[in-house]
Amino acid sequence: MTKIDDTTRLQHMLDYSRKACEFTQGKTQADLESNEVLTLAIVRLIEIVGEAAANVSPERREEFQDIPWSEIIGMRNRVVHAYFDVNFNIVWNTVTYNLPSLIAQLEASLE
């Protein structure tokens, strides 16, 4: 099995955060709630971002203390383990508020 390095995981976080924002561009929370395909895609992208974050080494996380690691990982855990009770307000806020700032942080970190 190939070992993925921290830089690759950070890049995955960036790529999938961008994709989630792209998928919701021009959309509303009502669109998210009424479009099952969009909902499933966004929840999966949030899951991937959180999984990548969970696998970044503690040393690398320490280098980027401004990234809210525990919140990102916690969100992943929430959508995976409480899939039956996903809160659309939280998902929408994650995509519209949290991911854009995470994208900026990751872009700065990966320069």
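Summary table below
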item: Helix-only [θ]222 nm of the chain, DSSP H runs n ≥ 4, -39500 (n - 2.57) each, per residue, nearest 500; result: -22000 deg cm²/dmol
item: Rg over Rh [alpha-carbon atoms, Kirkwood Rh] for segment 6-110; result: 0.96
item: Axial C-alpha extent at least 20 Å, average Kyte-Doolittle at least 0.5 - helices from the chain (DSSP); result: 36-54
item: Computed magnitude of the charge dipole of the chain (debye, nearest 20; Cβ of K, R +1, Cβ of D, E -1); result: 200 debye
item: Top of Ala41, Ala52, Ala20 by mean-square fluctuation, Gaussian network on the chain, Cα under 10 Å; result: Ala41
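Where a number appears in this text, it was derived from the coordinates with a stated rule and is not lab data. Fair warning: this is a prediction, and the values are worked out from it, not measured in the lab. Please note: Cβ atoms are built from the backbone with ideal geometry, for glycine as well, and neighbour counts cover all protein chains shown.
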